[in-house]
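S.K.: Provided herewith is a single structure, encoded as structure tokens, for subsequent inquiry.
The values are calculated or read from the model by the stated rules, or taken from the named source; none is laboratory data. In this text, all values refer to a predicted model and were calculated from it rather than measured experimentally. For neighbour counting, all protein chains shown are included, and Cβ atoms are generated from backbone atoms with ideal geometry for every residue, glycine included. The area values use the complete protein model at the heavy-atom level, side chains included, leaving out ligands, DNA and RNA. Shrake-Rupley method; radii C 1.70, N 1.55, O 1.52, S 1.80 Å.
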Amino acid sequence: MNIIATYVNYYHVCHRKLWLFANGIRMEHTSDVVAEGKLIGDTSYPERAERYTEIEVDGVKIDFYDARNRVVHEVKKSDSVENAHIAQVKYYLYKLRQHGVDGATGIVEYPKLRQRELVELREEDVEAIKDWETDISGIIYGDICPPVIHSKICRRCSYYDFCYVDEDTY
């Protein structure tokens, strides 16, 4: 199984979510938050589909890649898990570098917040990413689902009902 950018994102948010998603338990289709994020991504920059290319490298799909300027664009709804968004884009840059695209950069865009975060891949990131891949493989191939993390971000997660089905309060 290839490690995809979604795994990297979820790894930085919640190991339980990562394990569930990688093992075929998908809840995104039931989430209004996910639907809103998709709508923002689809409508915020309507000209993107014409100007930029969708590419796939080793099973990692990049929706908006500016090949001329070597820039990955990633649109997100909110910056509540910004570290995960940055990690995801660094993973895109890592995969591009593995395939001979040196010097690519990334931009995480938050249209609702009117903010942008520039992302570069540094040498120390490459070593960290190799560690992420090892950790991610250990999690997704593990026999036991990781525990609930009880974080404030859980309330808006598409897996919330699944994770807290037996909880009386949270």
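S.K.: Is the range 155-167 home to any residue that is surrounded by 15 or more Cβ atoms within 10 Å (Cβ to Cβ), within 25 Å of residue 64 (Cβ to Cβ), among the small types (Gly, Ala, Ser) and out of contact with any strand residue (DSSP E or B) (no Cβ under 8 Å at 6 or more places or on another chain)?
M.R.: For the range 155-167, residues surrounded by 15 or more Cβ atoms within 10 Å (Cβ to Cβ), within 25 Å of residue 64 (Cβ to Cβ), among the small types (Gly, Ala, Ser) and out of contact with any strand residue (DSSP E or B) (no Cβ under 8 Å at 6 or more places or on another chain): present.
S.K.: Go through the residues of the range 144-156 one by one and say whether even a single one is β-branched (Val, Ile, Thr), in contact (Cβ under 8 Å) with a residue 12 or more places away in the chain and farther than 18 Å from residue 17 by Cβ.
M.R.: Scanning the range 144-156 turns up no residue that is β-branched (Val, Ile, Thr), in contact (Cβ under 8 Å) with a residue 12 or more places away in the chain and farther than 18 Å from residue 17 by Cβ.
S.K.: For the range 124-169, which residues satisfy the criterion of being over 30 Å from residue 97 (Cα atoms) and in contact with a Lys or Arg (Cβ under 8 Å, 6 or more places away or on another chain)?
M.R.: Those that are over 30 Å from residue 97 (Cα atoms) and in contact with a Lys or Arg (Cβ under 8 Å, 6 or more places away or on another chain): 145, 146, 147, 148, 149, 157, 159, 163.
S.K.: Within the bounds of the range 103-110, is there any residue that is in contact with a Phe, Trp or Tyr (Cβ under 7 Å, 6 or more places away or on another chain) and open to solvent by less than 90 Å² (accessible area, probe 1.4 Å)?
M.R.: Among the residues of the range 103-110, at least one is in contact with a Phe, Trp or Tyr (Cβ under 7 Å, 6 or more places away or on another chain) and open to solvent by less than 90 Å² (accessible area, probe 1.4 Å), which makes the answer yes.
For every residue, the table says whether it meets (1) surrounded by 15 or more Cβ atoms within 10 Å (Cβ to Cβ); (2) part of a helix (DSSP H, G or I); (3) of a type outside the set (Asp, Glu).
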site: 86; (1), (2), (3): yes, yes, yes
site: 91; (1), (2), (3): yes, yes, yes
site: 96; (1), (2), (3): yes, yes, yes
site: 128; (1), (2), (3): no, yes, yes
site: 133; (1), (2), (3): yes, yes, no
site: 136; (1), (2), (3): yes, yes, yes
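S.K.: Moving to a separate point now. List the helices (runs of 4 or more DSSP H) inside the range 1-52, counting only whole elements, that have at least 2 residues being under 15 Å from the mean Cα position of the chain (by Cα) and modelled with pLDDT of 85 or more.
M.R.: 5-13, 15-22
Let's see how each residue does on (1) closer than 25 Å to residue 17 by Cβ; (2) among the aliphatic types (A, V, I, L, M):
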{"residue": "96", "(1), (2)": "no, yes"}
{"residue": "99", "(1), (2)": "no, no"}
{"residue": "106", "(1), (2)": "yes, no"}
{"residue": "109", "(1), (2)": "yes, no"}
{"residue": "114", "(1), (2)": "no, no"}
{"residue": "121", "(1), (2)": "yes, yes"}
{"residue": "124", "(1), (2)": "no, no"}
{"residue": "132", "(1), (2)": "yes, no"}
{"residue": "141", "(1), (2)": "yes, no"}
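S.K.: Ok, one more. Which of the residues spanning the range 87-116 are charged (D, E, K, R) and modelled with pLDDT of 95 or more?
M.R.: Within the range 87-116, 90, 95, 97 meet the criteria.
S.K.: Out of curiosity, is residue 121 touching a Leu at 6+ places or on another chain (Cβ under 6 Å) and open to solvent by less than 60 Å² (accessible area, probe 1.4 Å)?
M.R.: yes
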